[in-house]
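Structure record follows, encoded as structure tokens.
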Amino acid sequence: MHMQLPPHEGDVLSVIDMHTGGEPLRIVLAGYPEVKGDSVLSKRRYVREHLDHLRRVLMFEPRGHYDMYGALIVDSEEPAADLGVLFMHNEGYSTMCGHAVIALGRFAVDYKLVKEPQSPETQVNIHCPCGLVKAFVEYSDGKTGAVRFLSVPAFAFATDVMVTVEGFGDVMVDISYGGAFYAFVNAQKFGLDVTKSRTRDLVDAATAVTTAVKSQVKLHHPVSDDLAFLYGTILTDGHDSYSSDATANICVFAEAQVDRSPTGSGVTARVALQYHKGLIRLNQTRTFQSGATGSQFTGKAVEETVCGDFKAVVVEVAGRAFYTGVSRFVQETEDKLTHGFLLK
């Protein structure tokens, strides 16, 4: 049977679906109106204010799900960039996403957004809202493979911060930036294990921490106020000192969304935090494991730098992404649920 579009009204939204370590990425190929703005950050503000209904169409049910993640490719004002990107999720638009960068690096080579791929690696410069991120895609015999990327300057914002968490009392957290801000807490402080405890219990604890930090700690970023918000909380196994063994964590971000991967920007922030505390040295590679799926990324601090008044590091994160499908989504005006819904 020949596949054709069903009856519909309006533009067709075409996407490619991938996953990195189990975390989905829905890349928008066509169907979006022009995204206005003279910078990637201003484009992020524009889609939030004018095109947010399309985020809900693509991320929410019945076309997506509570934990769906997306990427919209846009033009960049950076001359060195091969592409610009806006990230979207169940709450809105993030400033950095490492699992998406890994997937987009491979996608950019496979779909010829980079004109002349090079072996053994092809560099792809991806302009994220947090800044320019350099990805390096394995390329051999016309095939793409693993991807590593170099982060924007990552830094420990504050350590040993005491916050009062509803249901748990006073809890000490660290806050670190890896393209987005995260709070870090050892899950054992809540009597939990990131690889064995019920996901619902981990989500509840992490969400309570996020709520507490947002209300009790004021964040700032030297580059832009648009970056100065807490994206989520990462619960860890507490194994922060350097080891060749994997260390596990689980990230709960946005509106209690659970990352299936080890979280690329979270790994970046965690490496920066470990380096700040003197627990790792430059070019010591650590393996980070998702508490949700067991998938792994590697991460290491490769260079010291600064971000405003913060001592910072550039972090290299590596992982693999895979294709899962291609879809064309339509809408019908009589469908009362066409704009999307979520079950909480």
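The values are calculated or read from the model by the stated rules, or taken from the named source; none is laboratory data. Keep in mind it's a predicted model, so treat the numbers as computed, not measured. Backbone-built Cβ (ideal geometry, glycine too); neighbour counts: all protein chains shown. Heads up: the accessible areas ignore ligands, DNA and RNA and are worked out on the full protein's heavy atoms, side chains in. Shrake-Rupley method; radii C 1.70, N 1.55, O 1.52, S 1.80 Å.
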Item checked: Rg/Rg_ref, segment 152-318, where Rg_ref = 2.2 N^0.38 Å and atoms are Cα -> 0.94
Check: Roughly how tilted is helix 98-110, in degrees to the nearest 10 and between 0 and 90, from the longest Cα axis of the chain?
Finding: 40
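Please state, rounded to one decimal and in Å, the Kirkwood hydrodynamic radius that segment 22-131 gives when every pair of distinct Cα atoms enters the mean of 1/r. If you can, show how the numbers build up before the last one.
Values: mean 1/r = 0.0698 Å⁻¹.
Its Kirkwood hydrodynamic radius stands at 14.3 Å.
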Check: Rounded to the nearest whole Å², what accessible area per residue is found for the chain with the 1.4 Å probe?
Finding: 44
Note to self: Could you work out [θ]222 nm for the chain from helices alone, using -39500 (n - 2.57) per DSSP H run of at least four and dividing by all its residues? Round to the nearest 500 deg cm²/dmol.
What the structure shows: -6000 deg cm²/dmol
Notebook entry, point to check: For the chain, with the dipole built from +1 on Lys and Arg beta-carbon atoms and -1 on Asp and Glu ones, taken about the Cα centre, which of 29, 100, 285 lies farthest toward the positive end?
Noted result: 285
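Which percent of the accessible area of segment 152-318 is formed by carbon and sulfur heavy atoms (probe 1.4 angstrom)? Each step should come with its number before you reach the end.
Numbers: 3060 of 6780 Å².
Solvent-exposed carbon and sulfur of segment 152-318 make up 45 percent of the total.
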Checklist line | Long-range Cα-Cα pairs in segment 272-337 (distance over 20 Å), rounded percent | finding: 54
Margin query: Multiplying the sequence separation of residue 311 and residue 224 by 0.36 nm and subtracting their Cα-Cα distance, what value in nm do you get?
Written below: 29.6 nm
